[in-house]
Amino acid sequence: MNYLNMKDEKLMPVVVELNTLLANYHIYYQKLRNFHWNVLGENFFDLHNKFEELYTDVRTKIDETAERILTLRYHPMSKLSDYLEISEIKEVSPLQSDRDMVL
Ligand SMILES: [Fe+2]
């Protein structure tokens, strides 16, 4: 039991899911930065702005997710190598068309 009166075996699966979400958000965030910087073509201005809007929103979600884990008295994962290992979202090359970036 902990200060929340919840058993650790009930909390641990929640913490694992929150850390997986945190890893997904980090890779998603970096993909959006990548696309914001590297988008080319006729849709440049719309997509450049949209990617910035999305990564700005994700930055807030990353912090909220990490702090939620802390309120459960666990530590959020914080190593990029760990994020890459458990993220369900995978990195991609910046060298792709604007259309492929949004598929
Ligand atoms: Fe920018």
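The values are calculated or read from the model by the stated rules, or taken from the named source; none is laboratory data. Quick caveat, the model's predicted, so the values are computed rather than measured. As a convention, Cβ positions derive from the backbone with ideal geometry for all residues, glycine included, and neighbour counts pool all protein chains shown.
Note on the stretch 1-32: residues that are more than 15 Å from the chain's Cα centre (by Cα) and closer than 16 Å to L70 by Cβ total 9. Checking the stated criteria, T56 turns out not to satisfy the condition of being more than 16 Å from the ligand (Cβ to nearest atom) and part of a helix (DSSP H, G or I).
Taken over the stretch 38-47, residues that are part of a helix (DSSP H, G or I) and out of contact with any helix residue (DSSP H, G or I) (no Cβ under 6 Å at 6 or more places or on another chain) amount to 4. Only one of the numbered conditions (1) out of contact with any helix residue (DSSP H, G or I) (no Cβ under 8 Å at 6 or more places or on another chain); (2) more than 16 Å from the ligand (Cβ to nearest atom); (3) not aliphatic (A, V, I, L, M) is not met by K50, and that is (2).
A single entry from K31, K61 fulfils the requirement of being within 16 Å of the ligand (Cβ to nearest atom), within 26 Å of L103 (Cα to Cα), at pLDDT 95 or above and not hydrophobic (A, V, I, L, M, F, W, C): K31.
What are the residues in the stretch 35-82 that are closer than 24 Å to N19 by Cα and of a type in the set (V, I, T), if any? Hits for the stretch 35-82 are T56, V58, T60, I62, T65, I69, T71. Candidates are the residues of the stretch 55-84 that are among the basic types (K, R) and farther than 14 Å from I27 by Cα; the one that is surrounded by the fewest Cβ atoms within 10 Å (Cβ to Cβ) is R73.
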